[in-house]
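Since every read-out is calculated from the coordinates, none of them should be taken as a lab result. Here the structure is a predicted model, which is why all the values come from computation and not from measurement. When we count neighbours, we look across all protein chains shown, and the Cβ atoms used for this are built from the backbone with ideal geometry, even at glycine.
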Amino acid sequence: MAKAASGNTVKVDYTGRLVDGTVFDSSEGREPLEFTLGEGQVIPGFDQGVMGMETGETKTITIPSEDAYGAHQADLVAEIEKCGVPPDMVLSVGDMLRLQQPDGRAIAATVAEIKDGSIVLDANHPLAGQDLTFDVKLVEIQG
């Protein structure tokens with residue numbers, strides 16, 4: 001039976017969990033996730049975990065944070081003065097904002113904390129610094 005290899009397009013069913021067992025994502029009730037192995041379309045540890053699987057095979061993949069969304073980087077957390085926020089904008093902890101950098105690129109940031117005169121924004125991926133576990137079933141291998 002063929003094994004998934006770099007360059008193959010694959011379809012997988014999956015459930016992703018945090019270390020404490022909390023499910024953060026799943027393909028259940030949706031179409032399987034389709035991606036090409038070895039092309040950086042998914043996090044590195046997921047790509048490596050599917051490599052070598054056969055159609056119909058299931059397995060659990062544990063991915064350390066450095067092969068997932070990377071370490072949480074303190075330099076991606078910033079505190080801004082509330083006066084820099086439009087007065088009609090009501091923010092809550094957990095809100096996602098799209099910010100424009102001086103060079104014109106946009107980045108996403110999460111409102112991490114709201115203080116009296118300032119707001120703490122975190123531009124890390126929400127799963128940065130987390131080890132992840134995926135239950136994966138390889139549904140199909142193409143090419």
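Points to keep in mind about this one:
- Qualifying residue in the range 95-109 (condition: surrounded by 14 or more Cβ atoms within 10 Å (Cβ to Cβ), in a loop (DSSP other than H, G, I, E, B) and of a type in the set (A, V, I, L, M)): no
- When Ser118, Ser92, Ser27 are checked against the criterion of being more than 26 Å from Gly143 (Cβ to Cβ), free of Cβ contacts under 8 Å to residues at least 24 places away in the same chain and of a type outside the set (D, E, K, R), Ser92 stands alone in meeting it.
Residues checked against (1) surrounded by 15 or more Cβ atoms within 10 Å (Cβ to Cβ); (2) touching a residue at least 60 places away in the same chain (Cβ under 8 Å); (3) over 30 Å from Ala109 (Cβ atoms):
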residue	(1), (2), (3)
Arg17	yes, yes, no
Phe35	yes, no, no
Gly40	no, no, no
Glu54	no, yes, yes
Thr60	no, yes, yes
Glu66	no, no, no
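- Hey, Val12 within 22 Å of Ser65 (Cβ to Cβ), free of Cβ contacts under 8 Å to residues at least 24 places away in the same chain and surrounded by 12 or more Cβ atoms within 10 Å (Cβ to Cβ) or not: no
- Here Thr22 passes the criteria (1) free of Cβ contacts under 8 Å to residues at least 40 places away in the same chain; (2) under 16 Å from Thr60 (Cα atoms); (3) surrounded by 10 or more Cβ atoms within 10 Å (Cβ to Cβ) except the one numbered (3).
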